[in-house]
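One structure is given below, encoded as C-alpha cells.
The values are calculated or read from the model by the stated rules, or taken from the named source; none is laboratory data. On a predicted model such as this, the values are computed, not experimentally measured, just so you know. Note that we place each Cβ from the backbone using ideal geometry, even for glycine, and neighbour counts take in every protein chain shown.
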Amino acid sequence: MLREYGACSLCPRKCKVNRLQGEKGYCGQTAEITAARAALHYWEEPCISGTTGSGAVFFSGCNMGCAFCQNQEIARGEVARSLTIDRLSDIYLELQAKGAANINLVTASHFIPSVAESLRLAKKKGLNIPVVYNSSAYETTDALRLLDGLVDVYLPDCKYHDSILSAELSKAPDYFETAMAAIEEMVRQVGDASFYPVGTIPGAAGSDQLEDKDLLSADEYNDLVVELDDDYEGPLVKKGVIVRHLVLPGHLDDSKKVLLGLNERFGNSIYISIMNQYTPLRSVPGHPELDGRVPEAEYEELLDFAADIGIENAFLQAGDTAKESFIPDFDYTGL
C-alpha cells in the first residue's frame, strides 16, 4: 500500500533510501508520519482562513531546507510526534468539528502516500470541507498524481527563478522548472478557482452539493472583494490553485522573473499571492541582503510590475506584515 517509501523517489531529490526500513533521506523522515501541530490557523490568504480559521496540520520534516526557513524546528524534524493514518484521518474530522473552513496540509510532500490514504479514510468518515495542499512546489508530478481527486485547493510556493539562487539557498538548482511542472499538474487536477457564495459555510448542510453554476468565478470574486470594506467576511475558496511568492530583500529582479514566468504559463488559471512578510531570523552566509526586510519601495515596484504584465488574480499584503507573527507554537496541539 505504501510501497512508494521503499527506494524513495517521492520528491525530486530521489534519495532512493528505504524509508519502510527506517532509513532517512533529505527530508529526514522515515515512512512513519510525524507532525508538530494541528489547529485552527488564521494567517493564510483571507479566502482560506476566513473568520473561523483553516484547519492546519503541520507535518515534520522537509525536502527543501531553505537557509532562511522560519519553521526550522519542524523542518529539521526536531519537533515530531508519530501518527497513524487512522489518527490523522480523525484529526481532520476534529478540525472540521471546530469549524475549520478547510483542512490545510502543510509540508506533507514526503508523506503523500500516507496522506492520500488518510484523506480517503476521512472522507468515508464524513469529511466534507475542502482540502488544501500547502507546499514548496518542489514536487514530482508522479507523487502529486496520488492526490488527484483528493485535494481541492493547491497552495504551492514559487520561490525562485534563478538556479544559482535556488542552489545557494535551498540546494535545488532545478527548482524553478520543477515547480512549474508541479504547478501545471496541480492546475490540471483542480482547474480554475471557484469560491463559495457569500455566507456559505463549508461543511454546512448542502454546501458540498453546490453545482458549478452556484459558485463564484474568479472574476466574480475579484469584483466582489474590490467593492467591499476591509473588514468584510468574504467568500471562501472551494477549489483552485493559489501560488505564493515570498519576496526576498535584494532580489527584486528574480521576483519579477518569477511573476513573469507564472503569468506567461498560467495566466488567469491561477491566483498569485505576492508576499512581503519575509522576516530575518538568522544570518545567511554569503547573503547579507537577507539580514533585512523587504524595502517598501521594492515591494511597491513589484506590484506595479505585476499590474503592468497583466496579472489580474492576485493577493497582496498591506502594511508591515513582517512584524506580525505567522509562526504558531509547535507544541503538539491537536495531535
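A single member of Thr178, Thr140 is within 22 Å of Met275 (Cα to Cα) and surrounded by 16 or more Cβ atoms within 10 Å (Cβ to Cβ), and it is Thr178. Residue-level analysis places Cys62 among those that are at pLDDT 95 or above, closer than 28 Å to Pro173 by Cα and either touching a strand residue (DSSP E or B) at 6+ places or on another chain (Cβ under 6 Å) or not aromatic (Phe, Trp, Tyr) (or both). Tell me whether the range 89-105 contains one or more residues that are under 20 Å from Glu4 (Cβ atoms), free of Cβ contacts under 8 Å to residues at least 40 places away in the same chain and not aromatic (Phe, Trp, Tyr). Within the range 89-105 (the criterion being under 20 Å from Glu4 (Cβ atoms), free of Cβ contacts under 8 Å to residues at least 40 places away in the same chain and not aromatic (Phe, Trp, Tyr)), the answer is yes, since at least one residue qualifies. The residue of the range 1-35 that is farthest from Thr141 (Cα to Cα), among those that are at pLDDT 95 or above and among the aliphatic types (A, V, I, L, M), is Ala35. Just name the residue that is nearest to the chain's Cα centre (by Cα) out of those in the range 121-147 that are of a type in the set (D, E, K, R) and within 13 Å of Ala182 (Cβ to Cβ). So, considering only residues that are of a type in the set (D, E, K, R) and within 13 Å of Ala182 (Cβ to Cβ), the one nearest to the chain's Cα centre (by Cα) is Glu139. Pairing each residue of the range 188-205 that is at positive phi and surrounded by 14 or more Cβ atoms within 10 Å (Cβ to Cβ) with any residue that is part of a loop (DSSP other than H, G, I, E, B) and not hydrophobic (A, V, I, L, M, F, W, C), provided the two are 6+ apart or on different chains, yields C-beta distances under 8 Å for Gly203/Asn128.
Each row is one residue, and each column tells you yes or no for (1) surrounded by 15 or more Cβ atoms within 10 Å (Cβ to Cβ); (2) of a type in the set (Phe, Trp, Tyr); (3) in contact with a Cys (Cβ under 9 Å, 6 or more places away or on another chain); (4) in contact (Cβ under 8 Å) with a residue 40 or more places away in the chain.
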| residue | (1), (2), (3), (4) |
| --- | --- |
| Ser207 | yes, no, no, yes |
| Asp219 | no, no, no, no |
| Leu236 | yes, no, yes, yes |
| Leu248 | yes, no, no, yes |
| Ser255 | yes, no, no, yes |
| Leu259 | yes, no, yes, yes |
| Glu289 | no, no, no, yes |
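There is at least one residue in the range 140-148 that is in a helix (DSSP H, G or I), free of Cβ contacts under 8 Å to residues at least 60 places away in the same chain and in contact with a strand residue (DSSP E or B) (Cβ under 9 Å, 6 or more places away or on another chain). Against the conditions (1) modelled with pLDDT of 95 or more; (2) within 19 Å of Ser207 (Cα to Cα); (3) touching a strand residue (DSSP E or B) at 6+ places or on another chain (Cβ under 7 Å), Gly53 satisfies every one except (1). Does Cys66 satisfy the criteria of being touching a Cys at 6+ places or on another chain (Cβ under 8 Å) and in contact (Cβ under 8 Å) with a residue 60 or more places away in the chain? No: the conditions fail for Cys66.
Taken over the range 149-185, the criterion of being assigned to a helix (DSSP H, G or I), touching a Ser or Thr at 6+ places or on another chain (Cβ under 9 Å) and not hydroxyl-bearing (Ser, Thr, Tyr) is satisfied by Phe176, Glu177, Ala179, Ala181, Ala182, Glu184, Glu185. Just to be sure, is Gly77 over 30 Å from Ser207 (Cα atoms), touching a helix residue (DSSP H, G or I) at 6+ places or on another chain (Cβ under 9 Å), touching a residue at least 12 places away in the same chain (Cβ under 8 Å) and not acidic (Asp, Glu)? For Gly77, the condition - over 30 Å from Ser207 (Cα atoms), touching a helix residue (DSSP H, G or I) at 6+ places or on another chain (Cβ under 9 Å), touching a residue at least 12 places away in the same chain (Cβ under 8 Å) and not acidic (Asp, Glu) - is not met.
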